[in-house]
Amino acid sequence: MRLSRYFLPVLKENPAEAQIVSHRYMLRAGMIKQQAAGIYSWLPLGYRVLKRIEQIVHEEQIRAGHIPLLMPTLQPADLWRESGRYDDYGQEMLRIKDRQDRDMLYGPTNEEMITDIFRAHVSSYKDLPLTLYHIQWKFRDEMRPRFGVMRGREFYMKDGYNFDVDRDSALHAYNRHMVSYLRTYERMGLTAIPMRAASGPIGGDNTHEFLVLANTGESEVFYDDRVTALKLGDRQVDYDDRAEVEGICKEFTTLYARTDETHDEGLFEQIPEAHRKVGRGIEVGQIFYFGTKYSEAMGATVVTKEGNRVPVEMGSHGIGVSRLLGAIIEASHDDKGIIWPEGVTPFPVGIVNLKQGDAAADAACAGLEKALLAKGLEPLYDDRDERAGAKFATMDLIGLPWRITVGPRGLEKGVVELTSRRTGESEEMAPEAAVDRIAQIYAPHR
Ligand code: P5A
């Protein structure tokens, strides 16, 4: 993509309405535009990151054996009357009437609708286990939408729902989600800690939230800091192996880590003092096991091997896809702008032409662009007729992890400069070597 033809409405000034750094940088980097309180348009750069995050979520769900579908944003109120949540959900639910005067709502979550799909088509243990998920817009009329996409009213969520014949199988589904989430967040360059939490309006007594530590987080968290060193890494996990999956969950949930809702001061004090930490965190996901809460109310049953008809065991599992952009920026930035982890960056590399209009520099940049594209790595080429300083400032703000700088002086020696956004370190090398290096860096991410 050439910057001269792109749509990147960068702001010079700090927007007054942004209280936290991720919101400020998303506005300044031309990623989002507010359309109403807590409702945003996703401008091209923001949209690219949203799609990258969505892609990682899909890949990891499919790896865990979960099946994508797509449910609508609008739902009939009658489904929610069956579960009893139509009245319980209160002011957070956006209620709408259609022209026939039927009660509708903009879905804040989909437990009822997925249970309706299940009961229409499944009635035997032979069709289980089953986990269906979608990535779809949600609406919650939050009392205090704030911090940009972090607490929106309209937001993008991955929500998955497991159906199992008995409690043990449903707990395996819960564990499978936990492990797949750990891998998902790691691929985005995040450390997200599973913490014992409260279930709120979704229900059930077994639930974990995934928290990214950040001073600007909305949740107060209490944890043993040794939990932050745990990594899933590139272990190959067999998601059907109950013992293996449970073992990984134990590894990640044995050290104390809780939100304020479930915090237990007595247990907390048993942690050696040097490791005892109180801080704040951003909730980027939550998993629930709630058994038969919805299936019983809505008549979603299966016939077991023994021939008994029982309500199906369920849980639901959510990832805050749009919130993740904010969380990643909170975790990865400096005073010049965003620093995208390679896994989610909107473009893998930026090309800065120091002397637009210089025949050799223009040709070298075009050559780099072509060579990178041929490797499936689309660069963002700043081909505008701007000062070098302004070009660097834009690249730093939008946070591409790598930059190739091309100028007539370097080209006389046959080199360009490859710079890491994270460390600021630069290295001179032949243009072909820079392309190879970028390809190597991204090999594990594509
Ligand atoms: C699990 C999936 C649920 O709704 N039902 C389906 C369950 N869980 S949840 O914890 O309420 O939401 C899941 C994740 O969505 C993100 N999230 C938000 N993101 C942006 N703005 C909001 N207002 C908002 N509310 C929830 C969070 O990341 C949460 O963990």
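Just so it is clear, none of the values below were taken in a lab; they were calculated from the coordinates. Nothing here was measured: the structure is a model prediction, and the numbers come from that model. Cβ atoms come from the backbone with ideal geometry, glycine included; neighbour counts cover every protein chain shown.
Quick look at the values:
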quantity	calculated
Distance in nm between pseudo-label sites at residue 375 and residue 242 (7 Å out along the Cβ direction from Cα)	4.6
Residue 69-residue 267 FRET efficiency (beta carbon distance; Förster radius 35 Å; 0.05 resolution)	0.30
Other-chain or far-sequence residues with amide H under 5 Å of residue 350's (modelled H)	380, 402, 403, 404
Paired Rg and Dmax values of segment 240-282, which use every Cα atom, in angstrom	13.3, 39
Angle in degrees between helix 321-331 and the longest Cα principal axis of the chain, rounded to the nearest 10	50
Net lengthening on full extension, residue 390/residue 260 (0.36 nm per residue, minus Cα-Cα)	42.3 nm
Three-way shape label, segment 142-194, alpha-carbon gyration tensor, a/c 1.5	oblate
Stretchable slack from residue 220 to residue 91, in nm (0.36 nm times residue separation minus alpha-carbon distance)	44.0 nm
Approximate spin-label separation residue 103-residue 51, in nm, with each point projected 7 Å along Cα-to-Cβ	4.0
Given charges at Cβ of Lys, Arg, Asp, Glu: segment 112-173 dipole, positive-most of 148, 129, 118	148
Descending semi-axes in whole angstrom, ellipsoid equivalent of the chain, from the Cα gyration tensor	43, 24, 22
Counting all C-alpha pairs of segment 320-414, share separated by more than 22 Å (%)	34
Solvent-free Debye scattering, log10 I(q)/I(0), computed from the Cα coordinates of segment 93-190 at q = 0.21, 0.22 Å⁻¹	-1.16, -1.19
Under 11 Å, Cβ to Cβ, from residue 175 - net charge with Lys/Arg +1 and Asp/Glu -1	-1
Dimensionless Rg over Rh [segment 202-245; C-alpha; Kirkwood]	1.04
Charge dipole of the chain about the Cα centre (unit charges at C-beta), most positive-ward option of 321, 259, 171	321
Distant alpha-carbon pairs in segment 253-347 (separation over 21 angstrom), percent	62
Net charge of Cβ neighbours under 13 Å - reference residue 249; Lys, Arg +1; Asp, Glu -1	+1
Degrees, to the nearest 10: 359-374 long Cα axis against longest axis of the chain	30
Fraction of antiparallel bridges per DSSP, the chain only, in percent to nearest 5	85
Calculated FRET efficiency for the pair residue 428/residue 123, C-beta based, R₀ 41 Å, to 0.05	0.05
Estimated dipole of segment 325-446 in Debye, rounded to 20 [Cβ of Lys and Arg +1, of Asp and Glu -1, Cα centre]	100
Sparse-neighbourhood loop sites, GluC sites (Glu not before Pro) in segment 214-269 - DSSP loop, at most 15 other Cβ within 10 angstrom	218, 261, 269
Alpha-carbon centroids, segment 389-428 and segment 201-267: separation in whole Å	39
15 Å tail of the calculated P(r), segment 381-438, as % of Cα pairs	50
Formal net charge of residues neighbouring residue 144 (Cβ-Cβ distance under 12 Å; K, R +1; D, E -1)	0
Convex hull per residue volume in Å³, alpha carbons only, for segment 184-286	121
